[in-house]
Every structure is written in C-alpha cells, then in structure tokens.
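Right, one structure below, let's go through it.
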Amino acid sequence: MLPITACVITYNEEQNVQACLESLAFCAEILVVDSHSEDRTRELAEGLGARVIEREWPGHIEQKNFAIEQATQDWVLCVDADE
C-alpha cells in the first residue's frame, strides 16, 4: 500500500460508495467524512474498512479541508464518491 490517505466526503452515496472505495484499495488509509446520510453509506464504508467520521455539512470546501486535516498519511488524495 502507498502512504496515501484517500478522503471521500459523502451524503447518501449508497449507490456509489462501494465502487469508489474499492478503487482506492491501494491507499494506506481510506477516510470517509459523511454528512449524516439517511441510507447505508456509512455502514457500507465501514464494512469496506474505511474510517468514517460523521460531521454536519459546513460547505464543500470546509468539508474537504476537514477531511484532509484528519488524514494520517503524508499524502492525500481527495475523491468524490461518484468517481
């Protein structure tokens, strides 16, 4: 695994989160910051080994910056759940 934290911010991404996180398997850490999804996004992410943090939605830039600050690796890759 590469010393990378993959950061994914989510809200109701049940349809996309599995494929997204599986594509990030090369990363040492996968971090999902979820804005209180009402579907199974969090459960799916946790089941795939992601570290999940729930947080209110302060805005796109603020949420991504928060995710980056939580990263434990020196390198960070930000990915949208539908990518």
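For A19, the requirement of being surrounded by 15 or more Cβ atoms within 10 Å (Cβ to Cβ) and outside any loop (DSSP other than H, G, I, E, B) is not met. For D80, state whether it is under 19 Å from N16 (Cα atoms), at pLDDT below 95 and part of a loop (DSSP other than H, G, I, E, B). Against the criterion (under 19 Å from N16 (Cα atoms), at pLDDT below 95 and part of a loop (DSSP other than H, G, I, E, B)), D80 qualifies. Of the residues contained in segment 8-30, none is found to be charged (D, E, K, R), farther than 12 Å from V79 by Cβ, touching a residue at least 12 places away in the same chain (Cβ under 8 Å) and touching a Phe, Trp or Tyr at 6+ places or on another chain (Cβ under 9 Å).
Residues in segment 22-34 that are surrounded by 17 or more Cβ atoms within 10 Å (Cβ to Cβ) and either in a loop (DSSP other than H, G, I, E, B) or out of contact with any helix residue (DSSP H, G or I) (no Cβ under 9 Å at 6 or more places or on another chain) (or both): L24, C27, E29. The single condition from (1) in a strand (DSSP E or B); (2) open to solvent by 70 Å² or more (accessible area, probe 1.4 Å); (3) of a type in the set (V, I, T) that T5 fails is (2). For the residues T72, T10, the requirement of being surrounded by 20 or more Cβ atoms within 10 Å (Cβ to Cβ), at pLDDT 95 or above and in contact with a Ser or Thr (Cβ under 7 Å, 6 or more places away or on another chain) singles out T10.
The values are calculated or read from the model by the stated rules, or taken from the named source; none is laboratory data. All of these numbers come straight from a predicted model, not from anything done at the bench. FYI the Cβ positions are ideal-geometry reconstructions off the backbone, even for glycines, and counts take in every protein chain you see. Side chains included, ligands, DNA and RNA excluded: accessible areas come from the protein's heavy atoms. Shrake-Rupley method; radii C 1.70, N 1.55, O 1.52, S 1.80 Å.
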